[in-house]
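Enquirer: Structure below; questions to follow.
The values are calculated or read from the model by the stated rules, or taken from the named source; none is laboratory data. Since this is a predicted model, take the numbers as computed values, not measurements. Note that each Cβ is placed from the backbone with ideal geometry, even for glycine, and that neighbours are counted across all protein chains shown.
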Amino acid sequence: MKNDFILGVVLILISILLIGSASASIINTNITTHNTVTTTTNSVAIPVKTSLNTSKLYLIDSGANKFYWLERGGLFSYTWKTYRTHGGSVIINVHYKTSKNSWNGTYNITQVSKDKLKIVYTSPEVKLYTGHSSEVWYTTSKLTPVEYYLKTIKAQIKSNGYFFL
């Protein structure tokens with residue numbers, strides 16, 4: 001009887017551990033443009049609660065890079081996290097850092113028609129240089145925002161932190 005009880009407790013503990021490890025692959029974290037998500041998993045889509053209008057974001061890519069850029073004051077480094085929203089848009093949060101300052105930039109890519117994408121870049125840098133709160137571009141593409149990011153933008157973000165149409 002005592003051995004059956006111990007065996008039952010062990011099986012329950014193993015079940016709890018397995019369920020806990022399965023649920024640990026889905027992590028909910030609040031983010032804003034000033035906080036970063038501390039979870040880094042490139043192969044699993046992670047739902048993230050956000051202060052944006054969408055209720056969930058799914059991490060699709062993240063990374064970091066640094067290089068010497070004299071115009072930016074020497075060492076220029078940046079990190080990025082790319083999310084897909086429930087509606088299919090893509091949000092790229094980039095944190096830039098130089099030896100003298102740091103700032104955040106957000107790219108938002110949405111599909112406005114079946115062959116047109118809208119890209120909005122919001123950053124204090126935009127406000128400083130243009131006087132506007134954001135820059136807006138349109139590009140003709142039959143790709144979805146996620147496909148456009150993976151095929152066009154990802155390589156540019158990896159190489160210099162910015163991308164151009």
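Enquirer: State all residues of the range 65-82 that are surrounded by fewer than 14 Cβ atoms within 10 Å (Cβ to Cβ) and of a type in the set (A, V, I, L, M, F, W, C); if no residue qualifies, say none.
Expert: F67, L70, L75
Enquirer: Out of (1) over 22 Å from A155 (Cβ atoms); (2) modelled with pLDDT under 90; (3) touching a Lys or Arg at 6+ places or on another chain (Cβ under 9 Å), the odd one out for V136 is which?
Expert: With (1) over 22 Å from A155 (Cβ atoms); (2) modelled with pLDDT under 90; (3) touching a Lys or Arg at 6+ places or on another chain (Cβ under 9 Å) applied to V136, the lone miss is (2).
Enquirer: One residue is enough: does the range 111-125 have a residue meeting the conditions in a helix (DSSP H, G or I) and either exposed (fewer than 11 other Cβ atoms within 10 Å of the Cβ) or of a type in the set (G, A, S) (or both)?
Expert: Within the range 111-125, none of the residues are in a helix (DSSP H, G or I) and either exposed (fewer than 11 other Cβ atoms within 10 Å of the Cβ) or of a type in the set (G, A, S) (or both).
Enquirer: Give me the pairs, please: first residue somewhere in the range 116-137 and free of Cβ contacts under 8 Å to residues at least 12 places away in the same chain, second residue anywhere and in a helix (DSSP H, G or I), beta-carbon distance under 9 Å, and either six or more positions apart or on two chains.
Expert: Filtered contacts from the range 116-137: H132/V126; S133/V126; S133/K127.
Enquirer: Which numbered condition trips up N42, out of (1) under 24 Å from I157 (Cα atoms); (2) in a loop (DSSP other than H, G, I, E, B); (3) at pLDDT 50 or above; (4) not hydrophobic (A, V, I, L, M, F, W, C)?
Expert: Here N42 meets the rest and fails (3).
Enquirer: Just a yes or no: is a residue in the range 145-160 in contact with a helix residue (DSSP H, G or I) (Cβ under 8 Å, 6 or more places away or on another chain) and polar (S, T, N, Q)?
Expert: So far as the range 145-160 goes, no, none of its residues is in contact with a helix residue (DSSP H, G or I) (Cβ under 8 Å, 6 or more places away or on another chain) and polar (S, T, N, Q).
Enquirer: Further question: Kindly check whether there is at least one residue in the range 100-123 that is β-branched (V, I, T) and farther than 23 Å from K56 by Cα.
Expert: Scanning the range 100-123 turns up no residue that is β-branched (V, I, T) and farther than 23 Å from K56 by Cα.
Enquirer: Please specify each residue of the range 83-108 satisfying the condition of being of a type in the set (D, E, K, R) and surrounded by fewer than 20 Cβ atoms within 10 Å (Cβ to Cβ).
Expert: Result: K97, K100.
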